[in-house]
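**Student:** Let me begin by handing over the structure; questions about it come next.
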Amino acid sequence: MATKPEKLIVGLDVGTSKVTTIIGEMTRDNHINILGMGTNPSLGLQRGVIVNLEQATATIATTIEQAERQAALKIGSAFVGVTGGHISSVNSRGVVAVGRTNRDISPDDVVRVIDSARSVTLPPQREVLHVIPRTFTIDGQDGVRDPVGMNGYRLEVETHIATGTISALTNLFKGVQRTGVEVDELVFSPLAASEAVLSDAEKRLGVCLVDIGAGTTDIALYIDGSIWHTAVIPIGGNNITNDISLVCRVSPEAAEKLKIKYGDASVTGPYKGLYADYYGKGPIRLDFRSRLRQEEEESDASVAPDEMLETEGLELGRKQQISRNLLNEIIHARTRQLFDMVQAEIKKSGYDGMIPAGLVLTGGTANLPGITDAAGHVLRLPVRIGAPRGLSEVAGTLSVPAFATSVGLVLWGMKKRNGAEILQSHSRRGGGAGMAVGRKFGGWLREFLP
Ligand SMILES: Nc1ncnc2c1ncn2[C@@H]1O[C@H](COP(=O)(O)OP(=O)(O)OP(=O)(O)O)[C@@H](O)[C@H]1O
Ligand SMILES: [Mg+2]
């Protein structure tokens with residue numbers, strides 16, 4: 001094998017609609033060359049969580065084999081993305097007295113202070129996934145990035161802690177291990193996706209990543225360069241498809257095709273103004289025709305909103321007509337509800353209106369035309385679409401929003417290999433649970449703190 005195993009970094013994203021494995025090789029100048037990738041539609045997952053272990057394991061194994069074949073090598077371990085409504089997060093502070101008599105802060109003090117922040121009371125069925133230090137305070141002086149070697153009596157840390165249910169984490173862990181591949185780390189998906197799509201400047205300014213997948217929408221909000229709030233909303237593109245299927249009475253497959261081919265969530269395109277005060281504020285109005293004609297006159301859009309679309313009906317071989325207007329009304333209803341929920345999460349975090357860099361949308365559903373428009377309309381913030389970057393070799397196929405998490409997992413893995421092991425709070429390597437604490441502090445702090 002040409003590549004040394006420690007140079008290999010594998011990202012494995014087990015998503016609701018697809019599983020993706022990316023094999024990367026870390027170069028000497030800290031770049032990643034992509035050696036192979038495999039992606040396959042998922043089986044056995046619901047809303048980001050494994051519900052059928054056998055099916056999920058089979059899909060994971062298939063994508064690993066595809067990637068291994070392309071890279072012409074065998075992998076030993078992978079950084080695995082985890083999401084789902086079972087994950088929750090809190091910010092917690094820790095404080096310790098500095099141990100040494102000369103009051104120089106040692107790596108051990110840093111470990112102890114992070115441990116003390118970590119000791120939040122957990123219900124018995126939950127487990128800590130990450131403890132991420134945001135910033136340190138020495139004797140009341142806050143904003144310290146790297147306290148090791150500095151002098152002080154009292155060391156404090158502010159951390160972001162993500163936890164998940166033991167059963168969901170264990171099932172994912174098992175699904176991967178059964179393919180013969182070890183788990184380097186379970187990584188909360190939006191943290192990985194942020195590595196691939198957010199810039200450092202955006203994180204410093206204040207930004208909210210919104211990864212809209214098939215089963216979940218994952219949120220990661222950064223303030224002052226570090227993670228402040230994370231959340232999972234159990235709604236994604238599948239909900240849009242199901243709504244179309246139910247309302248238009250077509251199969252989920254036909255609904256998915258309609259969504260991909262004709263879907264539009266915009267409020268300023270040909271559908272401008274129709275939905276502005278549509279949800280939660282009164283009865284749903286289905287007849288917009290007179291307003292529509294007015295909008296059409298004002299707009300030079302090539303698409304006629306009341307065009308009829310032909311699709312497969314539920315009955316075999318029977319065609320059905322669906323109004324484009326109705327289709328986009330359904331799509332807009334769901335996206336509006338989703339962004340209302342995103343807004344509620346941002347408010348909950350206490351940073352409403354304080355994220356000047358706005359929203360960065362990623363995940364497969366970010367491909368929906370007009371989605372930035374819908375998001376901006378609800379949240380009144382700048383919105384952009386985030387496609388993965390940061391790998392010198394990102395091939396065309398990988399530089400689309402649906403691969404943000406898998407590419408991000410490889411980038412996260414690179415940071416870890418570069419000396420950020422202390423953050424590996426959820427490590428079950430070799431079957432043993434517990435916290436793996438590394439000692440390469442300088443590298444770790446540089447990589448993860450603002
Ligand atoms: N052009 C498009 N227009 C609208 N939706 C799209 C488009 N392309 C993909 N999607 C939707 O994106 C979703 C898949 O996104 P993604 O691959 O990010 O999900 P996932 O990672 O498998 O799921 P999750 O992260 O929720 O577990 C599907 O619901 C699909 O319908
Ligand atoms: Mg995903």
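Every read-out reported here was derived from the displayed coordinates using simple, explicitly stated rules and does not represent laboratory data. Note that the coordinates shown come from a computational prediction; the quantities given were computed from them, not determined experimentally. Here the Cβ positions follow ideal geometry from the backbone for every residue, glycine too, while neighbour counts run over all protein chains shown.
**Student:** Which entries in Lys203/Lys416; Lys18/Lys416; Lys4/Lys203; Lys7/Lys174 show an alpha-carbon gap greater than 31 Å?
**Tutor:** On the way: Lys203/Lys416 19 Å; Lys18/Lys416 25 Å; Lys4/Lys203 33 Å; Lys7/Lys174 25 Å.
Cα-Cα > 31 Å for Lys4/Lys203; rest within.
**Student:** Could you calculate the contour length gain from Arg380 to Glu182, that is, 0.36 nm times the residue separation minus the distance between their Cα atoms, to one decimal place in nm? Could you put the intermediate results ahead of the total?
**Tutor:** Details: separation 198, 0.36 × 198 = 71.28 nm, distance 4.37 nm.
Stretched out fully, the Arg380 to Glu182 stretch lengthens by 66.9 nm.
**Student:** Multiplying the sequence separation of Asn52 and Ser251 by 0.36 nm and subtracting their Cα-Cα distance, what value in nm do you get? Don't skip to the answer; put the middle values down first.
**Tutor:** On the way: separation 199, 0.36 × 199 = 71.64 nm, distance 2.31 nm.
Once the chain is fully extended between Asn52 and Ser251, it gains 69.3 nm.
**Student:** Assuming a ≥ b ≥ c are the square roots of the Cα gyration tensor eigenvalues, decide whether segment 89-162 counts as rounded (a/c under 1.5), prolate (otherwise, with a/b larger than b/c) or oblate. Each step should come with its number before you reach the end.
**Tutor:** Values: a/c = 2.66, a/b = 2.01, b/c = 1.32.
Prolate is the answer for segment 89-162, as a/c is 1.5 or above and a/b outweighs b/c.
**Student:** Here's a follow-up. Is there a quick way to get the dipole size of segment 89-162? I mean about its Cα centre, with the Cβ of Lys and Arg at +1 and of Asp and Glu at -1; what is the value in debye to the nearest 20? Numbers along the way, then the final one.
**Tutor:** Values: 9 positive and 10 negative charges, 24 e Å.
Dipole of segment 89-162, to the nearest 20 debye: 120 debye.
**Student:** What is segment 334-379 by shape, rounded, prolate or oblate, if you read a ≥ b ≥ c off the alpha carbon gyration tensor as root eigenvalues and call it rounded for a/c under 1.5, prolate for a/b larger than b/c, and oblate otherwise?
**Tutor:** Prolate.
**Student:** Here's something else I'd like to know. Quick one: if the Förster radius is 51 Å, what FRET efficiency do Met308 and Leu43 give, using the C-beta to C-beta distance and rounding to 0.05? Intermediate results must be reported in sequence, preceding the final value.
**Tutor:** Details: r = 35 Å, r/R0 = 0.68.
FRET efficiency, Met308 to Leu43: 0.90.
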